[in-house]
Amino acid sequence: QVQLVESGGGSVQAGGSLRLSCAASGRGFSSYGMAWFRQAPGKEREFVATISLSGGSTTYTDSVKGRFTISRDNAKNTVYLQMNSLKPEETAVYYCAAKRFGRGTYYRDYDYWGEGTQVTVSS
């Protein structure tokens, strides 16, 4: 089992940047595929990015390609999401998720979730 805690959210103006972190506790972090999702008020939880167990493979939703970067440090049990050129429509709660020995782009693919961190982008 793994516990996830997100940090790094906040308020920025459009075009700004934030770096989210997700710290995992428990055993076997390197055996989990990791992902970031986001959920705006009144909307479904949306896939943002995922990274493989080793960090060698990443997948992004089309709207963030070229602006967001997911990475992980298995020695620190942490996954990151660098977000650049943020847009107001990306205001949401951002969640970190873990899937044992795999990954996917659908929220039901994931076994463990953090509590989320709020990102607010003003115009």
Using Cα centres only, tell me the gap between the range 15-32 and the range 92-123 in whole Å. 10
In nm, give the distance between the simple-model label positions of residue 108 and residue 39, each being 7 Å from the Cα along the Cα-to-Cβ direction. 1.5
Distance (nanometres) between label positions extended 7 Å along Cα→Cβ at residue 31 and residue 11: 4.3
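So how strong a dipole does the chain carry about its Cα centre when Lys and Arg Cβ are +1 and Asp and Glu Cβ are -1, to the nearest 20 debye?
Values: 14 positive and 10 negative charges, 51 e Å.
My answer is approximately 240 debye.
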Can you list the HN-Hα couplings for the range 116-123, worked out from phi with the Karplus curve (6.51, -1.76, 1.60; θ = phi - 60°), rounded to whole Hz and with x for Gly and Pro? x, 9, 7, 10, 10, 10, 9, 8
Residue 32 long-range amide H proximity, modeled H, under 5 Å: 101
Contact order relative to length for the chain, counting C-alpha pairs under 8 Å separated by 6 or more residues, stands in percent at 36
FRET efficiency, 1/(1 + (r/R0)^6) with R0 35 Å, evaluated for residue 123 and residue 1 via beta carbons: 0.30
Of every hundred units of 1.4 Å-probe accessible area on the range 1-97, the number belonging to carbon and sulfur atoms, as a percent, is 45
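So how many Lys-Lys pairs in the chain land under 25 Å Cα to Cα, not counting same-chain pairs under 8 apart? Don't jump to the answer; show the numbers that get you there.
Numbers: 43/65; 43/87; 43/99; 65/87; 65/99; 76/99.
Value for the chain: 6.
What do you reckon, how do 36, 113 stack up by accessible area (1.4 Å probe), largest on top? Spell out each step's value before the answer.
Details: 36 0, 113 75 Å².
Result of the area sort, largest leading: 113, 36.
The values are calculated or read from the model by the stated rules, or taken from the named source; none is laboratory data. These figures come from a predicted structure and were not determined experimentally. Because the Cβ atoms are built from the backbone with ideal geometry, glycine has one as well, and the counts that use them run over all protein chains shown. For accessibility, only protein heavy atoms count, side chains too; no ligands or nucleic acids. Shrake-Rupley method; radii C 1.70, N 1.55, O 1.52, S 1.80 Å.
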